[in-house]
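The values are calculated or read from the model by the stated rules, or taken from the named source; none is laboratory data. These figures come from a predicted structure and were not determined experimentally. Every residue, glycine as well, gets a Cβ built from its backbone with ideal geometry; the counts of neighbours run over all protein chains shown.
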Amino acid sequence: VTVLRGREFQGTASGHLAIDDTQGQIQTQIASDAGVSQLSLGNLRRIVRKTGRADARGKGFELRTDFWGVVRALRGLFVTTDGRAGGPGHAKDARDAVGRLMQARELQESLSGLAQRHEAQQRDADQSDVVKAIKARNDAIRGKPSGGEQDFPELAEADLVLSSAAGISLAAERSAHIASNEDVAVTSGRHVGLAVGRSLFASVANALSL
């Protein structure tokens, strides 16, 4: 293990850059004693001051701290589990996410149009606005490729995009809240289930259409 360490002036805390070249277990780690903050890459293993390599902790990468964490991207952020084994292609390649979002928009458009044709909704009803909003977001996520070699058009606006090749699960010990100043769309290709421990409330200012 090669370690470059800096120590707090007139103190005991320190930080280090460690490169572990152990055969089959390579790791690069940047760490600070402040908040036990670390970025570990490769074969994750604790590196302890004075004693060196400690317990193995898995593979991949870990960014952790006992303090607060922030990820901030002015022009947009894309988080995905759609793999590109070996890392080919450009970094913002969002074709899988865009494909799912376009499929969802088509389902929204198809079912809202069906409801309007059978007079369950008025033509150009508010659900049409939701479909238009979905399309606008999809277009912004996909961008407008010109075909150039250095053309990376995705995330034309400051969108946050989460995409999964399997599933997305959200869990909160206390309350959860989804808020939008404009439209909210929920699209399911199969079923939607609601399980409510006590009461279900719906407050609607104008119209409710099922």
- Message: Six or more apart or on different chains, Cβ atoms under 8 Å: show the pairs whose first residue is in region 154-167 and on the phi > 0 side of the Ramachandran plot and whose second is assigned to a loop (DSSP other than H, G, I, E, B).
- Response: Leu155/Arg75; Leu155/Gly76; Leu155/Lys92; Leu155/Ala94; Leu155/Gly143
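Among the candidates Leu41, Leu4, which residue alone is closer than 29 Å to Thr81 by Cα and either in contact with a Gly (Cβ under 6 Å, 6 or more places away or on another chain) or assigned to a strand (DSSP E or B) (or both)?
Details: Leu4 fails: closer than 29 Å to Thr81 by Cα.
Just one listed residue meets the conditions, Leu41.
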- Item | Unique residue being part of a strand (DSSP E or B), among the β-branched types (Val, Ile, Thr) and within 30 Å of Ala158 (Cβ to Cβ) when the list is Ile19, Ile47, Ile30 | Ile30
- Go over the candidates Gly147, Gly197 one by one and state the one that is at pLDDT 95 or above and in a loop (DSSP other than H, G, I, E, B). Gly197
- Could you list, in sequence order, all residues of region 75-89 that are farther than 16 Å from Phe152 by Cα and outside any loop (DSSP other than H, G, I, E, B)? Val79, Thr80
- Note on the structure: The correct count of residues that are under 24 Å from Val3 (Cα atoms), free of Cβ contacts under 8 Å to residues at least 12 places away in the same chain and either surrounded by 12 or more Cβ atoms within 10 Å (Cβ to Cβ) or among the β-branched types (Val, Ile, Thr) (or both) in region 39-77 is 3
- Message: For the structure I just gave you, tell me whether Val192 is modelled with pLDDT of 95 or more, in a loop (DSSP other than H, G, I, E, B) and not assigned by TED's automatic domain parsing to the domain that holds Ile134.
- Response: yes
- Task: Taking Asp151 as meeting all but one of (1) out of contact with any strand residue (DSSP E or B) (no Cβ under 7 Å at 6 or more places or on another chain); (2) exposed (fewer than 10 other Cβ atoms within 10 Å of the Cβ), write down the number of the exception.
- Result: (2)
- Message: Conditions first: (1) assigned to a helix (DSSP H, G or I); (2) of a type in the set (D, E, K, R); (3) within 20 Å of the chain's Cα centre (by Cα). Lys132 passes all but one, so which condition is the exception?
- Response: (3)
- Query: When both residues are 6+ apart or on different chains and their Cβ atoms are under 6 Å apart, which pairs have a first residue that lies in region 1-13 and is not assigned by TED's automatic domain parsing to the domain that holds Ala34 and among the hydrophobic types (A, V, I, L, M, F, W, C), and a second that is in a strand (DSSP E or B) and exposed (fewer than 10 other Cβ atoms within 10 Å of the Cβ)?
  - Reply: none
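Kindly evaluate Ala205 against the criterion of being part of a loop (DSSP other than H, G, I, E, B), at pLDDT 95 or above and out of contact with any Cys (no Cβ under 8 Å at 6 or more places or on another chain). Don't jump to the end; show me each part of the working.
Details: part of a loop (DSSP other than H, G, I, E, B): yes; at pLDDT 95 or above: no; out of contact with any Cys (no Cβ under 8 Å at 6 or more places or on another chain): yes.
Answer is no for this residue.
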